[in-house]
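Asks: My questions will all concern the structure given below.
Quick note: the coordinates plus some simple rules give every number you see, no bench work behind them. The structure displayed is predicted, hence computed values, not measured ones. Using ideal geometry, Cβ is built from the backbone for each residue, glycine included, and neighbour counts are taken over all protein chains shown.
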Amino acid sequence: MGELGEHAKHYHQEIGRLIKQSSIDYIYLYGNKAWMTLLAKEAGNHAQYFEHKHDLIEALQFLQIHRLER
C-alpha cells in the first residue's frame with residue numbers, strides 16, 4: 001500500500017479497524033515497520049508484526065503444524 005502516498009496513513013488505520021471488527025483469527029504483517037505498526041495497533045490482538053521474514057515464516061509454520069493437530 002506504499003503507493004497510496006498522502007492517503008497511506010488513513011488506509012492503514014482503516015484496514016486495521018476492519019480487521020479488528022472481522023472474524024479473522026490471525027493477521028501476520030511484514031513490510032514497512034511504521035505502516036505495519038500503525039495497522040497492527042488498530043487491528044488489536046488480531047495482528048502481529050514481523051520485522052524479519054524468517055520470523056514470519058517460522059510463525060506460519062508453527063500455525064500450520066498446530067492447525068493440523070486439531
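Asks: Taking each pair of different alpha-carbon atoms in region 1-49 once, compute 1/r for the pair, average those values, and report the inverse of that mean as the Kirkwood hydrodynamic radius in Å to one decimal.
Replies: 10.6
Asks: Still on this model: Tell me what the chain gives for mean residue ellipticity at 222 nm when only DSSP H runs of n ≥ 4 count, each as -39,500 (n - 2.57), the sum divided by the residue total, rounded to 500 deg cm²/dmol.
Replies: For the chain, the value works out to -19000 deg cm²/dmol.
Asks: Let me ask something else about it. What does the charge count near Tyr11 come to, summing +1 for each Lys or Arg and -1 for each Asp or Glu among other residues with Cβ under 12 Å from its Cβ?
Replies: For residues surrounding Tyr11, the net value is -2.
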